[in-house]
Every structure is written in structure tokens, then in C-alpha cells.
Amino acid sequence: MRAVCWWLVLAGLWLALSDNLHGDELVVGAVAATLGTVVALIAWDRMVAAVRLPPGAPAQVPRIALRMVKESWLLLRALWQTVVLRRPVRGRWVSEPIDDADTPEARGERIWAVLSGSMAPNRVVGDAEGGRVVVHELVRR
């Protein structure tokens, strides 16, 4: 199924880029889509690492949504303070420990830390390697 999807996407891309339906262009496009599909499937099989998201990840979604609302208000207040009151607002870098093992669980934890850490508008994850996750907070809490 994955091969069929890759082939359809690549053939559609060829048709969009060539912008004609001449017989020779269709044959060359089919060959190019087939070769591209073979390369994509080989690369996919070699590059996919096993990842398991933390079991409690879905339960954290309401907390992340609440944090998005709170931090949006925090940024609006900081914008008011900077633009209207002319008082500068300073951010900071925060570093927190994270598991850096090469296991599916640890990879999933790092991916979840980056995704959930960057959801709220006040936080941007800068790095999540070397046993630390580095986060920039635009406005200090």
C-alpha cells in the first residue's frame, strides 16, 4: 500500500510539473515515478527508527491546552507592557534533564517533549539532545 501511495504522489508530481499528456511524457513519468518509489521505499526501511510515545501523553493534552490559554494571556500582557507602557520584557533559556537513551521509549519521550513543549506560544524548544531539553521562554514566569 505504501508503494502505491508513493507512486501515485510521484506520478502526480510529474504530471503537474510536465503539464502535458503526450505519450512519451507519460511513459517517462511512469518510469521516473517507479524509480522514485523504489528509492523512497529503500530509504524508508533504512531510516525509520522505532518510537513509542509515553503512555500518559494523551492525558496531558488538556493540560497543554490550558497552558496555551495561560501563556497567550501572558504574551498579550507582555505586548501591552512593551508597546503601551514602554517597559522591556526579557525572556530566558531554561534547561531541563531528559532521558537520552537510544530506546523506542526514550525517543518517544524526546519527541513528545519537543512537541508538547513548543505548543504553548511562550515556549520554544531549542534542543533536546545530550540528556537535556533546552527551552526559550519569551516571557519569564
Subset of the stretch 115-124 [crowded, with 17+ Cβ neighbours inside 10 Å and not in a loop (DSSP other than H, G, I, E, B)]: Ser116, Gly117, Arg123
Residues located in the stretch 57-87, provided they are farther than 26 Å from Arg132 by Cβ and open to solvent by 90 Å² or more (accessible area, probe 1.4 Å): Val69, Trp73, Leu76, Arg77, Leu79, Trp80, Arg86, Arg87
Any hit, the stretch 40-56, residues being open to solvent by less than 80 Å² (accessible area, probe 1.4 Å), among the β-branched types (Val, Ile, Thr) and part of a helix (DSSP H, G or I): no
Candidates Leu53, Leu76, Leu115, filtered to the one that is over 20 Å from the mean Cα position of the chain (by Cα) and of a type outside the set (D, E, K, R): Leu76
Some residue of the stretch 10-23 being open to solvent by 60 Å² or more (accessible area, probe 1.4 Å), within 30 Å of Pro104 (Cα to Cα) and in a helix (DSSP H, G or I): no
Exclusive hit being acidic (Asp, Glu), open to solvent by 60 Å² or more (accessible area, probe 1.4 Å) and in a strand (DSSP E or B), set Glu129, Glu109, Glu96, Glu105: Glu96
Any hit, the stretch 60-81, residues being at pLDDT 90 or above, of a type in the set (Phe, Trp, Tyr) and either touching a His at 6+ places or on another chain (Cβ under 6 Å) or closer than 30 Å to Arg2 by Cβ (or both): no
Residue pairs meeting the criteria (Cβ under 6 Å; at least 6 apart or on separate chains; first within 14 Å of Leu138 (Cα to Cα), in the stretch 76-94; second of a type in the set (A, V, I, L, M) and assigned to a strand (DSSP E or B)): Val94/Val135
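The values are calculated or read from the model by the stated rules, or taken from the named source; none is laboratory data. Since the model is a prediction, treat every value here as computed from it, not as a measurement. Cβ coordinates were reconstructed from backbone atoms using ideal geometry, including for glycine residues, and neighbour counts include every protein chain displayed. Accessible surface is based on the protein model in full, side chains and every heavy atom, while ligands, DNA and RNA are left aside. Shrake-Rupley method; radii C 1.70, N 1.55, O 1.52, S 1.80 Å.
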